[in-house]
Amino acid sequence: MKKILFICLGNICRSPMAEFIMKDLVKKAGLEQEFVIDSRATSTEETGNPIHRGTMGIFKKYQIPCTGHRAQQMSRQDYDTYDYLIGMDQSNIRNMTRIAGGDPEKKIYKMLEFAGDGWKELKAGKRNLDKVPDVADPWYTGNFDDTWRDVTAGCEGLLKFLD
Ligand code: 4NP
């Protein structure tokens, strides 16, 4: 069983987009039984709130199923439970590491590390987070298509990485 947790600041835009895109990819690959996939916030800003309408618009546009999500903050226990904790941007990574009390098991990743051929470098044990861009943040721009492009690239690479 591979346990994946996607994380952003509010858990209403980027990380739920990643959660349901990854669930869709995994289902289409016939691997649903092998994965646990969820998402969390680093903040309590949006706790209990549903997915942002911009992300819901992307799900509708690309026919990605989603059900029953409410924003929830990441806990220290999540670090023990999940195998891969994947943040959307550098600030998420910092806050995830703080919540987890460090990253002794090297489970914390940045979404676009997996994009393109990035997953191959990861497999080869090469990491340089400074070179990895952040997932486009729709919070200030309202542009959810750029976020979809980045999240999809990350999820597709992640699936190959885990193959
Ligand atoms: P998300 O977007 O982190 O992608 O869910 C945001 C949601 C809420 C806030 C910022 C970004 N906020 O400042 O409350």
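The values are calculated or read from the model by the stated rules, or taken from the named source; none is laboratory data. Since the structure is predicted, the reported quantities are computational estimates derived from the model, not experimental observations. For neighbour counting, all protein chains shown are included, and Cβ atoms are generated from backbone atoms with ideal geometry for every residue, glycine included. Ligands, DNA and RNA are stripped out before the accessible areas are found, and what is left, the full protein with its side chains, is counted by its heavy atoms. Shrake-Rupley method; radii C 1.70, N 1.55, O 1.52, S 1.80 Å.
Assess whether Arg76 counts as being open to solvent by 10 Å² or more (accessible area, probe 1.4 Å), over 14 Å from the mean Cα position of the chain (by Cα), within 16 Å of the ligand (Cβ to nearest atom) and farther than 15 Å from Thr152 by Cβ.
So Arg76 fails the test.
Looking only at segment 50-59, how many residues end up being open to solvent by less than 40 Å² (accessible area, probe 1.4 Å) and either without any contact (Cβ under 8 Å) to a residue 12 or more places away in the chain or assigned to a loop (DSSP other than H, G, I, E, B) (or both)?
Counting residues in segment 50-59 that are open to solvent by less than 40 Å² (accessible area, probe 1.4 Å) and either without any contact (Cβ under 8 Å) to a residue 12 or more places away in the chain or assigned to a loop (DSSP other than H, G, I, E, B) (or both) gives 1.
Report, by residue number, each residue of segment 119-142 that is open to solvent by less than 50 Å² (accessible area, probe 1.4 Å), assigned to a helix (DSSP H, G or I) and either of a type in the set (S, T, N, Q) or within 20 Å of Ser39 (Cα to Cα) (or both).
Matches in segment 119-142: Pro138 only.
Could you please find all residues in segment 118-137 being under 18 Å from Met22 (Cα atoms) and away from the ligand (no atom under 16 Å from the Cβ)?
Across segment 118-137, the qualifying residues are Gly118, Trp119.
Return the residue satisfying two criteria in turn: it lies in segment 7-49 and is acidic (Asp, Glu) and near the ligand (Cβ under 8 Å from one of its atoms), and of such residues it is surrounded by the fewest Cβ atoms within 10 Å (Cβ to Cβ).
Only one residue tops the list, namely Glu45.
Inside segment 54-73, can you point out the residues that are on the phi < 0 side of the Ramachandran plot, of a type outside the set (Val, Ile, Thr) and away from the ligand (no atom under 12 Å from the Cβ)?
Of everything in segment 54-73, those that are on the phi < 0 side of the Ramachandran plot, of a type outside the set (Val, Ile, Thr) and away from the ligand (no atom under 12 Å from the Cβ) turn out to be Met56, Gly57, Phe59, Lys60, Lys61, Tyr62, Pro65, Cys66, Arg70.
Restricting attention to segment 126-157, report how many residues are touching a Lys or Arg at 6+ places or on another chain (Cβ under 8 Å) and of a type in the set (Gly, Ala, Ser).
The total comes to 1.
Looking at the structure I just gave you, is Ala71 more than 24 Å from Leu162 (Cβ to Cβ), buried (at least 17 other Cβ atoms within 10 Å of the Cβ) and among the small types (Gly, Ala, Ser)?
yes
Please find, within segment 143-163, the residue that is nearest to Asp117 (Cα to Cα) out of those that are surrounded by fewer than 17 Cβ atoms within 10 Å (Cβ to Cβ) and charged (D, E, K, R).
The selected residue is Lys160.
Mind checking which pairs have a first residue in segment 138-163 that is basic (Lys, Arg) and a second that is open to solvent by less than 70 Å² (accessible area, probe 1.4 Å), Cβ under 6 Å, 6 or more apart or different chains?
Pairs that qualify, where the first residue is basic (Lys, Arg) and the partner is open to solvent by less than 70 Å² (accessible area, probe 1.4 Å), are Lys160/Trp119.
Take the conditions in contact (Cβ under 8 Å) with a residue 24 or more places away in the chain, surrounded by fewer than 23 Cβ atoms within 10 Å (Cβ to Cβ) and closer than 26 Å to Pro104 by Cα and apply them to Tyr62. Does it pass?
no
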